[in-house]
Amino acid sequence: MTDTPDLTRPDFTHFVETLDDGRARLDLAVDGMTCAACMFEIEGGLGVLPGVTQARANLTSGRVAVEWQETEGSETLAPAAIVGRLAELGYKAYPFDRHRMESEEHQEARFLLRCLGVAAFAAMNVMLLSVSVWSGNVTDITPEQRDFFHWLSALIALPAVAYAGQPFFRSATRALMAGRLNMDVPITLGVLLALGLSVFETLHHAEHAYFDSAVMLLTFLLAGRWLDQNMRRRTRAVAANLAALKAETATKFVGDGEISEVPVAAIRPGDLVLVRPGERIAVDGEVEDGRSEIDQSLVTGETAHVTAERGTLVYAGTLNVNGTLRVRVGAADRGTLLDEVTRLLDRAVEARSHYVRLAERAARLYAPVVHLTALLTVIGWVLLGASWHFAIVTAVAVLIITCPCALGLAIPAVQVVASGALFRSGVLLSSGDAIERLAAVDTIVLDKTGTLTLPEPELADAGRVPPETLALAGRLALTSRHPLAAAIAKAAGATVPLDGAHEEPGQGVSAVLDGDELRLGRPSWCGVEAEAARIAAADPEASVIAFRHGTRTAVFAVRQRLREDATAVLAALRMKGYAIEILSGDREAAVAHVARQLGVTTVRAGATPADKIAHVEALRASGRKVLMVGDGINDAPALAAADVSLSPVTAAHLTQAAADAVFLGDRLAPVATALAVTRRARRIMHENLWLAVVYNAIAVPVAIMGYATPLIAALAMSGSSVLVILNALRAKGDAGEAVVSDRAEAAGPGAGADPKAPADVVGTNGGASARTIAQAHQPTL
C-alpha cells in the first residue's frame, strides 16, 4: 500500500528561504498568540523538532520565524511538519503576508472594541438591577419582584456574555482542544460558572444571583485586552514603508538602442538598464554612461547629493535627481542593498521577541494555580461537611476574586497615562512596552545628521558675502532642487527666480543676466577650487557651493546646525550616568567636529546599515541596554536592533515605523524627558504589580474561607482594578518636573566626560558590509 499525499494541507515549501549559511528559514503568521506564555510554548514546542536551530515567536507582529539545519543521513524537516506541530499546540499558522496580517489585525481590533462596548453597556444595566434587588432585600421587595429583576438581568447578561466573551471563549477552546491551559481557561470557567450558578439560583427563587459579577468581570478583562492589543497593533508596520522605495519595473536595454520596461524580477546581473531623471533606481549596479546626482540618504543618511558618473556604484531605492544614467546591473530583485536593509530590519525586530513584560511573567503561573486553588476549595469544603452548593459558590468566588484584572491592567494603565504625559512633552509612543525598555537604558547611541543636527542645511557664513552677491545667488538657487541651493535661497530671502536659468547635470545651474553669465554649483565649474578647499579645511562639517557672476566669485559654506540644546542635554544625560556615543554614516572629519562640540568621546564614523546594526548588537551582547536615536533610512535596522529607539518627527517614514517613539520639535530635550518619565512610570508599574500581589494575598484566603460571595468577589476584583488605575494616574505628573527631579543613578560608562577631550573616531569603511559608500568631501550640485 502506497502513501497518498495529504491534499488537505497546503504546500509551504515555496515559502522556505535558504540562508547564507545553508540553513532554511520559514516565516509564519500565527493565530491565537495572546501572551508571553504562548510565546514560550510555541518556541519550546517547535524546538523539539529535529534539525530546528532557532524558533522565535514575536508577540508584537504575530509572527513565528523557524530556522533549521538540513542534516545528512536523516530525513529533511518539511515545512508541513512545522505547521502540523503548531496545530498540535493549538495554533493556526499560515504563510506570513503583511497585507493579510494588517487586515486581520484591524478587524480584530474593531471586534474587541465592539465586545467591550456590549459588555460595558450590559454591565451598567445589570448593576442598576442588582442595586435595586440589594436595596429591596433590606426593605420590602417581594419574591416575585426579585425574581423579575433576576430574569431581566439574565435577559441582558446571557446574550451580552455570549457575544462579548468570544475572544476568551475561542482562546480557551483552542487551548483545551490542544490539551493545554492558558489564562483564558479560568476566565472562561469563572464567567460560565457565575452565569450557570445565577440561572440556577434564579430558578430556585434565591435572594442572590451573580449576573452582575460575570458581566463586570468580562468588561474589565476586555478593557485590559483591548488596551494591550491596541498598543501592539500600532507597531505592526515596521518595514511596510520600504515598499515605497522599491521600484517594481526597470527600463532594460534589449537590443541595439532598443529599450523595454520589464519587471525587476526579470532583471539579471549583467543587464544594462536606463535610469531617467527623477526616477528611483531599481537595481544595484555600476554607472557605465551618463552623469547625474544621486540622493543616497538611504545609505548614508546625508541630505547632500553625490555625483554619479562612469564607475560610480549606485543602489536600489536611491533617487536619480537630474541626469540620465546607464547602469550595469550587479543585483536586482534579490541581494540589493534595499533587500539587505529589509532583511536586517526584520531580523532585528524578531530579536525583541524574547522581551517579556513583568505582568506576563507573573501571568504564566496564573491558570494552573487558580484552577488548583478553586478545586481544592471545593474538595476542602465538602470534606468539612459543607453542601455542594456552598462549595461551588465559594469556588466561583475564588475564580472571580483571583481574576487577573488588576494584574492585566497594572502595566497597560501606566502605559496609557505615561504615553499621555510623553505626548504633552512632544514624544509620541508607537510601542506600549517601550516605556519599560526606555526606563532600563544605560547607553545612548545617536546618529549625527538630522538627529544631533537639524535636518535642513543652513548658510553658515552669510555675513562674509556681499548682500548683492547673496541676493543674485539666491535668485539663481531658486531654479534648483538641490538642498544646498535651497539653503542659499532661504538665506537670501529670494522669491523671484532668474529667467532663462538651466541646469547642467553634475555641475550646477546657470543663467545670463545683462550679458554676463551667472553660475551656481561645483567650485571647479566656477573656477574657485583653492578658496573652496580653504573653507572646507577650516570647517570640516561644511559643504561648499560656489557662485560666479562674470569676474566676481563667492564660495558659500553650508552645513546643518546643531540642535540648540544638544550640548546641554547630552551633558545632563552624562551627569545622570548614561554612556553617550555617536554612530554616523558621515565622513570622519565632520563627525569628529560635532563630537568635539558636544563633548562626546566615543564616535564611529562612515558606518553602513550593517555596521550600525552590528555595533548595536555588540553593545547589547556586552550587557548594555541601548537606546538608539536616528532619523535616516540607513538607521532603521539599528533602531530595530536596539533595546529601544527614538526618531525625530522629520525622520523618514520607514525610520519612524522602526522606532518605538517619535519626538517633535527642533530640540533634543524630549529625549531626556522620555527617559525621566519612563523611569518614574517603571516605578509605578512595580507598585501596581505589588498592589495586585497584596490584593490576592488578602482576597484569596477570604474567598476560600467562604466570606465572599461571587458578587462581593466581583466588587473586590473591580476595586483592585480601580486602585491600580488610580495609582497609574500618578504617572502623568509634570514631564518637565520629571526631568529635574529624576535622581541620577550611579555613574556608568561615559559619565562625566570631558567636553574638551578629542573625539576618538573609528572609521568603519570596509567593515562588516562590503557596500560602503565613498563619501564626497565636497558635495556639489
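Applying 0.36 nm per residue to the separation of residue 389 and residue 596 and subtracting their alpha-carbon distance, the gain on full extension is 66.8 nm.
Amide H contacts of residue 560: 458, each under 5 Å away and 5 or more positions distant or on a separate chain (H built 1.01 Å from N in the peptide plane; Pro and chain starts excluded). Label positions at residue 110 and residue 87, each projected 7 Å from the Cα along the C-beta direction, are separated by 3.0 nm. Taking amide H as placed 1.01 Å from N in the peptide plane, residue 580 has its amide H under 5 Å from the amide H of 444, each at least 5 places away in sequence or on another chain.
For residue 288 and residue 564, the FRET efficiency from 1/(1 + (r/R0)^6), where r spans their Cβ atoms and R0 equals 41 Å, is about 0.35.
Put in line by how crowded their Cβ is, counting other Cβ atoms within 10 Å and starting with the fewest, 124, 33 read 124, 33.
Taking the Cα centre of the range 415-564 as the origin, how large is its charge dipole in debye, to the nearest 20, when only Lys and Arg (+1) and Asp and Glu (-1) carry charge on their Cβ atoms? About 140 debye.
Beyond 15 Å, how much of the Cα-Cα pair distribution for the range 568-640 remains, as a whole percent? It works out to 56 percent of all Cα pairs.
In this label model, residue 456 and residue 203 are separated by 7.5 nm, measuring between points 7 Å along each Cα→Cβ vector.
Charge tally for residue 606 (other residues, Cβ to Cβ under 9 Å; Lys, Arg +1; Asp, Glu -1): -1.
Working from label points 7 Å from Cα in the Cα-to-Cβ sense, the residue 618 to residue 276 distance is 4.5 nm. Each Lys or Arg adds one and each Asp or Glu takes one away; over the other residues whose Cβ falls under 13 Å from the Cβ of residue 687, this sums to +4. Taking a sphere under 12 Å around the Cβ of residue 115 and counting the other residues whose Cβ falls inside, with K and R at +1 and D and E at -1, yields a net charge of +3. Need the C-alpha centroid separation for the range 541-561 versus the range 582-614, integer Å. What the calculation gives is 25 Å, centre to centre. Derived scalar couplings between HN and Hα for the range 557-568 equal 9, 10, 8, 8, 7, 4, 4, 4, 9, 4, 4, 5 Hz in order, rounded to whole Hz, by the Karplus curve 6.51 cos²θ - 1.76 cosθ + 1.60 (θ = phi - 60°), x for Gly and Pro. Of the residues 549, 642, 613, the one whose Cα sits farthest towards the positive end of the charge dipole of the range 541-694 is 549 (charges of +1 on Lys and Arg Cβ, -1 on Asp and Glu Cβ, taken about the Cα centre). Here the range 524-663 is assigned +1 on the Cβ of each Lys and Arg and -1 on the Cβ of each Asp and Glu. Its dipole about the Cα centre then comes out at about 240 debye. Placing R0 at 22 angstrom, the Cβ-Cβ distance between residue 666 and residue 481 gives a FRET efficiency of 0.40 after rounding to 0.05.
Laboratory data are not the source of any read-out in this text; all were calculated from the coordinates shown. Nothing here was measured: the structure is a model prediction, and the numbers come from that model. Note that each Cβ is placed from the backbone with ideal geometry, even for glycine, and that neighbours are counted across all protein chains shown.
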